[in-house]
Amino acid sequence: EWTARFSNTDMFKIVYYPELFNVIHDTADAFLEEFDYPFWRIIDELGVGLPIVEANAEFSRPIHAGDTVTIALTHELGEASLRFEFVATHENGDEAFTAFEQRVCVPINGTGSTPIPDELRHALEDAA
């Protein structure tokens, strides 16, 4: 769940579009932390990063300051990529927004993409 704060909104007290990217990134962070693979561990212990190469978000209904939405996350695993998809719903069940982050696995000390490390792959497959 995420509750929109006044600081997330524009002058009409509606969540400002770019704020959704912070919200979905926090949701992806929390998802990875749930099975003990926060981004910092992926970088420090596995030697790879998962930068965002594409992202999009679309409002279905406005989110006002004080509104609470539930954010569902699903993921799709590629050889060297990870896509997070998000659907947020208002408390009454109406869809608030959809979004996605497309990430690619890259070595910290190299260039180009690299396969997602096996231990992370297995954790993500188990989380499906």
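The values are calculated or read from the model by the stated rules, or taken from the named source; none is laboratory data. Keep in mind that this is a model prediction, so the values were computed, not measured. Cβ placement follows ideal geometry from the backbone for every residue including glycine, while neighbour counts extend to all protein chains displayed. These accessible areas exclude ligands, DNA and RNA; they are computed on the full protein's heavy atoms, side chains included. Shrake-Rupley method; radii C 1.70, N 1.55, O 1.52, S 1.80 Å.
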- Query: Of the residues that sit in the range 51-74 and are over 18 Å from HIS122 (Cα atoms) and of a type in the set (Ser, Thr, Tyr), which one is most open to solvent (accessible area, probe 1.4 Å)?
  - Reply: THR70
- What number of residues within the range 30-50 are without any contact (Cβ under 8 Å) to a residue 12 or more places away in the chain and either closer than 17 Å to ASP126 by Cα or surrounded by 13 or more Cβ atoms within 10 Å (Cβ to Cβ) (or both)? 6
- All positions within the range 24-63 that are outside any helix (DSSP H, G or I), more than 21 Å from VAL104 (Cβ to Cβ) and acidic (Asp, Glu): ASP36, GLU58
- Checklist (1) open to solvent by 40 Å² or more (accessible area, probe 1.4 Å); (2) farther than 24 Å from ASP126 by Cα; (3) aliphatic (A, V, I, L, M) applied to LEU77, failing item: (2)
- Inside the range 6-23, can you point out the residues that are open to solvent by 100 Å² or more (accessible area, probe 1.4 Å) and not in a helix (DSSP H, G or I)? MET11, PHE12, LYS13, TYR16
- Go through the residues of the range 56-71 one by one and say whether even a single one is under 13 Å from the mean Cα position of the chain (by Cα) and free of Cβ contacts under 8 Å to residues at least 40 places away in the same chain. no
- Note on the structure: Picked from the range 97-128 (must be over 16 Å from the mean Cα position of the chain (by Cα) and part of a strand (DSSP E or B)), the residue surrounded by the most Cβ atoms within 10 Å (Cβ to Cβ) is VAL106
- Please go through the range 80-96 and pick out each residue that is assigned to a strand (DSSP E or B), open to solvent by 20 Å² or more (accessible area, probe 1.4 Å) and closer than 17 Å to ARG5 by Cα. THR89, HIS90
- Positions within the range 34-55 being among the charged types (D, E, K, R) and within 12 Å of the chain's Cα centre (by Cα), in sequence order: GLU54
- Query: Somewhere in the range 5-16, is a residue in contact (Cβ under 8 Å) with a residue 12 or more places away in the chain and closer than 24 Å to GLY110 by Cβ?
  - Reply: no
